[in-house]
Amino acid sequence: MKQDKAAVPLAGWANPATTPSFNPLRGIISFIDKTLVIADLEARKLRHDPTELITRAVQPVLWLLVFGEVFTRTRAIPTGNVPYIDFMAPGILAQSVLFVAIFYGIAIIWERDLGIVHKFLASPTPRAALVLGKALSASVRAFVQAFIIYILAILLKVKMNFNILDLVGVLFMVLMGAALFSTFSLIIACLVKTRERFMGIGQLLTMPLFFASNSIYPISIMPVWLQVVAKVNPLSYEVDALRTMMLAGWPSAFGLGLDFAVVIFATVALIIIGARLYPRVVT
């Protein structure tokens, strides 16, 4: 008996009657779900070592209590009618987010040595979801820093802005800042591949990023060449947004729209790059 050729699908082709159609919404939901699973796995590590949050809080407290109080009294840095401690508080929040996130990539090297990265890469989870999930988990530590700095700023009588929309904006900017610099850290880890090199490069980049920004002094008092560097440094836009939303009556130097656009664009770009480089950490 001859088989009907029309009934036999060509090799390499799926049968339209049995293949489900692609649903973009379902794909987006699946991507978000996998991203949140990775973020939850990373955030759970804090339950096993919550002392990390306490030790991370020491540095911003010292900056505000020592550096901030001294320079407020000396009035060496011009900040207009705003006390220097007020001007500095948002910058120290941005610094804390930077310091928490910039060394986050070392965890990738540890996971590679333990074989965890190989398991992630063997799973059907998209590389971008792996990178984004890890980036979002860094924001958990950053939110704790934000809470501590807000409490300390209130105790130091900083004139804070408690408008609910601005508070939400601060949380979103803290999240994006943590995602930005933790992804940057992940990219470095994928390139250098060893803990020793990573720590050296991380320490090399942290201080220039911090001091070549408007975190602890206005851009206007910088030399011209440093102003150029500060204006291409995404940390400057994060600080400007935080300062505008945290302080009562502080005007934005760049405009909040530009601040958010720069930070979001830089974060998305680094996540795309990180997703492409992530498999290289095991090669």
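Would you kindly state how much longer the chain becomes between Phe147 and Gln227 on full extension, computed as 0.36 nm times their sequence separation minus their alpha carbon distance, in nm to one decimal?
Working: separation 80, 0.36 × 80 = 28.80 nm, distance 3.05 nm.
Length gained, Phe147 through Gln227: 25.7 nm.
Between Arg276 and Leu165, how many nm apart are label points set 7 Å from Cα along the C-beta direction?
Inter-label distance under the simple model: 3.8 nm.
Scan the chain and report its longest stretch carrying no trypsin sites (Lys or Arg not before Pro) that are both in a DSSP loop and have at most 13 other Cβ atoms within 10 Å.
Working: sites that count: Lys2, Arg44, Arg75, Lys157.
In short, 158-283.
Considering amide H positions built from the backbone, and no H for Pro or chain starts, which residues 5 or more places from Asn214, or on another chain, come under 5 Å of its amide H?
Answer set, sorted by chain and number: Ser236.
Among Asp240, Asp33, Asp259, Asp166, rank each residue by its count of other Cβ atoms within 10 Å, from fewest to most, as a rough exposure measure.
Numbers: Asp240 28, Asp33 10, Asp259 25, Asp166 18.
Starting with the residue having the fewest Cβ neighbours, the order is Asp33, Asp166, Asp259, Asp240.
From zero outward in steps of 10 Å, how is the percent of C-alpha pairs of the chain spread across the bins?
Histogramming the chain at 10 Å steps yields 6, 26, 30, 19, 9, 4, 3, 2, 1, 0, 0 percent.
If I model a spin label at Ile28 and Asn81 as a point 7 Å from the Cα along the Cα→Cβ vector, what separation in nanometres do I get?
4.6 nm
Can you tell me how much longer the chain between Trp110 and Asp40 gets when fully stretched, taken as 0.36 nm per residue apart minus their C-alpha distance, in nm with one decimal? Working shown, then result.
Values: separation 70, 0.36 × 70 = 25.20 nm, distance 1.82 nm.
Taking Trp110 through Asp40 to full extension adds about 23.4 nm, to one decimal.
What number of lysine-lysine pairs in the chain show an alpha-carbon separation below 16 angstrom, given a sequence spacing of 8 or more or placement on distinct chains?
Going through the chain pair by pair, I get 4.
Among Ile273, Ile85, which comes first, then next, by fewest other beta-carbon atoms within 10 Å? Numbers along the way, then the final one.
Details: Ile273 16, Ile85 23.
By the 10 Å Cβ count, ascending, the order reads Ile273, Ile85.
Taking the 0 to 90 degree range and rounding to the nearest ten, how far is the long axis of helix 24-43 tilted relative to the main principal axis of the chain, both from C-alpha atoms?
Helix 24-43 sits at roughly 50 degrees to that axis.
Counting only chymotrypsin sites (Phe, Trp or Tyr not before Pro) that sit in a DSSP loop (anything but H, G, I, E, B) with at most 12 other Cβ atoms within 10 Å, what is the longest stretch of the chain containing none of them? Please report the intermediate quantities before stating the final value.
Numbers: sites that count: Trp13, Phe22, Phe162.
The reported range is 23-161.
Provide the per-residue ³J(HN,Hα) series for segment 164-179, in order, calculated from phi with Karplus coefficients 6.51, -1.76, 1.60 and θ = phi - 60°, each as a whole number of Hz, with x at glycine and proline positions.
Along segment 164-179, the couplings run 4, 5, 5, 5, 5, x, 4, 4, 5, 5, 4, 4, 5, x, 5, 5 Hz.
Using modelled backbone amide H atoms (1.01 Å from N, in-plane), which distant-in-sequence or interchain residues come within less than 5 Å of Leu247's amide H?
Asn161
Divide the volume of the convex hull of the Cα atoms of segment 167-280 by its number of residues and quote the answer in cubic angstrom per residue.
Values: hull volume 12.2 nm³, N = 114.
So the per-residue hull volume is 107 Å³.
Computed from the coordinates by the stated procedures, all read-outs in this text should not be read as laboratory data. Everything numeric here is computed off the predicted structure, so don't read it as measured data. A quick note on method: Cβ atoms are made from the backbone with ideal geometry, for glycine too, and the neighbour counts reach across all protein chains shown.
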